[in-house]
Amino acid sequence: MKPKHRKHEETVQGGREKTDAAAVNTPVDLDAALHQGKPPEPDDMRPVREECSLASIRERGKSADSTLTVRSISYGSEAYAKSLQLRNKVLRRPLGRDIAHDDLSGDVQSRHIGAFLDTRLVGILLLRPIHRQVLQMKQVAVEESLRGLQIGRQMVEYAEKFAAGEGCQEIRLHAREVAIPFYEKLGYVREGEPFEEVGIPHSLMKKRLM
């Protein structure tokens, strides 16, 4: 069964919040973020909450009235530190890699969107500006034990609403071969030939927003 959808409590509007300007200037100790976490900072609050009355959640040890919240998180915050751990666990360790060796300088300019089951971070997605009207979606990760609950879909839909509110006309992404059907169902179109990234095949995919 899929999560019951409720009307969004808040809509995504144009303009970046003031917290972003402060976040851009926040230095991050990568080792501390990965292993200990950073002190909490105010997170960017534009939440979308979904009630997840699911037998599947109950089977995973969560209560039937668990709430899934999708919202932006601030660079350098405690939630950002948790997102680094999740990205490392889902996207790097299975490839024999470590996110500590990645170039994370682009994280400063990126919009970070997290999915929270109650208070636990279970999904992450980044939007990186390519130019004024184009964003790249990247580092999409969902806790493996919770896949199949539409968490990835809800993050992508939230990201698209945010991007449209910013005046973005197109989202691009580099999809792993196994993820292409997921993005195709959401309206993304593959372009060009596959290429290698982090040692595995990827394909360029795009979606026009307006």
Exercise for the section: Working only within region 128-143, note down all residues that are of a type in the set (A, V, I, L, M) and closer than 20 Å to Gln85 by Cβ. Expected result: Val140, Ala141, Val142
Problem - Contacts under 6 angstrom Cβ, first residue in region 179-195 being within 19 Å of Ala141 (Cβ to Cβ), partner in a strand (DSSP E or B) and modelled with pLDDT of 95 or more, 6 or more apart - result: Tyr183/Ala175; Tyr183/Met205; Tyr188/Met205; Tyr188/Lys207
Fill in the blank from the handout: Restricted to region 167-186 and to residues being assigned to a strand (DSSP E or B) and of a type in the set (A, V, I, L, M), the residue surrounded by the most Cβ atoms within 10 Å (Cβ to Cβ) is Ile171
Practice task
Residue by residue through region 187-200, note down the ones that are surrounded by 14 or more Cβ atoms within 10 Å (Cβ to Cβ) and in contact with a Lys or Arg (Cβ under 8 Å, 6 or more places away or on another chain).
Solution key: Gly187, Tyr188
Problem - Test: residue in region 133-147 that is more than 22 Å from Asn88 (Cβ to Cβ) and surrounded by fewer than 17 Cβ atoms within 10 Å (Cβ to Cβ) - result: yes
Practice task
From Arg93, Arg58, grab the single residue that is modelled with pLDDT of 95 or more, farther than 22 Å from Arg128 by Cβ and either surrounded by fewer than 18 Cβ atoms within 10 Å (Cβ to Cβ) or among the basic types (Lys, Arg) (or both).
Solution key: Arg93
Handout entry: Tally of residues being surrounded by 14 or more Cβ atoms within 10 Å (Cβ to Cβ) and either more than 14 Å from Arg87 (Cα to Cα) or in contact with a Phe, Trp or Tyr (Cβ under 7 Å, 6 or more places away or on another chain) (or both) across region 98-121
Key = 9
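Just to verify a result, which residue in region 104-138, among those that are of a type in the set (D, E, K, R) and part of a strand (DSSP E or B), is nearest to Arg71 (Cα to Cα)?
Here the answer is Arg111.
The values are calculated or read from the model by the stated rules, or taken from the named source; none is laboratory data. Predicted model, so just to flag it, every value in this text is computed and none were measured. Please note: Cβ atoms are built from the backbone with ideal geometry, for glycine as well, and neighbour counts cover all protein chains shown.
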